[in-house]
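The values are calculated or read from the model by the stated rules, or taken from the named source; none is laboratory data. Bear in mind that the values here come from a model prediction, so they are computed numbers and not experimental data. Positions of Cβ are generated from backbone atoms using ideal geometry, with glycine treated the same way; all protein chains shown enter the neighbour counts. Note: accessible area is taken over every heavy atom of the protein model, side chains too, but ligands, DNA and RNA are not part of it. Shrake-Rupley method; radii C 1.70, N 1.55, O 1.52, S 1.80 Å.
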Amino acid sequence: GMSSVKQSHRGILFMLLAVSCFAVVNGIAKWLDHIPVHELVFFRSLVSLGYCLWFVRKHKLDPRGNNRKWLILRGLFGLVALMLFFSTIKHMPLATATVIQYLSPLFTIYLASKWNNQSVRPIHYLYFLLAFSGILLIRGWDDQIDTFWLIAGVLASFFAGLAYNAIIKAKGTDHPMIIVMYFPLVSLPVTG
C-alpha cells in the first residue's frame, strides 16, 4: 500500500544520504593526506564511539553485546579494511580507490556463501570475473596506480567483505548500534 511506498522512498533517501556522507568523508580523507592513516582512523573512531555511547546510554542497551566473538572480529576486519582503504586514498586517485573499494560486495557475497550458507549461482562467478577484469582495466589505463596499492585496495575490499559477514553473524543476536560500536571499540586501542 501507500505506507510501503513511503518506506521505500525513505529507504532510498537514506541510501543516497549515506552515499553522500561516505563521499564527503572519503574526500576529506584525501584532502588530509598529510595526516597519518592511523590518526585519521583514530579520530574517526573517536567520533563514532562518542555517538554510539550516547545512543547506547539513551536506549539503555548493554554495551558488551552478546555475540562477542563476531563483534570483535567485525571490529578487527573493519579496522584492517579502513586502514587499507584510507592508505589507498592517500596513494591513488580518489575515484580509482573508491571503484576498487566497491569490489567489497563481491567478496561479501562469496564469503556469505561459505560462512552464512547463502547460495551463489554459477553465473555469479562470471560476474565476479568481469568485476575483477574491470579493476585490471583501470590498472592498465591509469599509470598513476602502483601495483602495490592496487593489491592493497583489493585487500581492503576483501576485509570489508569479511567485516560485513561478521555483521551478518552478529545481527541476529545484537542491536545494530552495538555492532557499529565494536568498530571503534577495537580500532581506538590499536590506532591510539
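Candidate cross-link partners of Lys90 among the lysines, defined by an alpha-carbon separation under 28 Å and a same-chain spacing of 8 or more, comprise Lys30.
For Lys58, a cut-off of 28 angstrom between C-alpha atoms picks up these lysines, skipping any fewer than 8 places away in its own chain: Lys6, Lys69, Lys169, Lys171.
Quick check on packing: order 92-101, 150-159 by the mean number of other C-beta atoms within 10 Å, highest mean leading.
150-159, 92-101
Counting only protein heavy atoms and a 1.4 Å probe, tell me what percentage of the chain's accessible area is made up of carbon and sulfur. Kindly include the intermediate steps, with their values, before the conclusion.
Working: 7980 of 11520 Å².
Of the solvent-accessible surface of the chain, carbon and sulfur hold 69 percent.
Length gained on full extension, Arg121 to Thr173, computed as 0.36 nm times the residue gap minus the Cα-Cα distance: 15.9 nm. For region 88-121 and region 44-81, compute the distance between their C-alpha centroids and round to whole Å. What the calculation gives is 22 Å, centre to centre.
For the residues Phe77, Phe107, Phe22, a GNM of the chain with alpha-carbon springs under 10 Å puts the largest fluctuation on Phe22. Projected label points at Val190 and Trp54, each 7 Å from Cα along the beta carbon direction, are separated by 2.6 nanometres. Here the Gaussian network model covers the chain, with springs between Cα atoms less than 10 Å apart; of Gly75, Gly27, Gly161, Gly27 fluctuates the most.
Classify region 81-192: rounded, prolate or oblate, from the alpha-carbon gyration tensor (a ≥ b ≥ c, eigenvalue square roots; a/c under 1.5 rounded; otherwise prolate if a/b is larger than b/c)? Show your work: numbers first, answer last.
Values: a/c = 3.25, a/b = 1.22, b/c = 2.66.
Note, shape of region 81-192 comes out oblate.
Across every direction, the projection of the convex hull enclosing the Cα atoms of the chain has a mean area of 13.0 nm².
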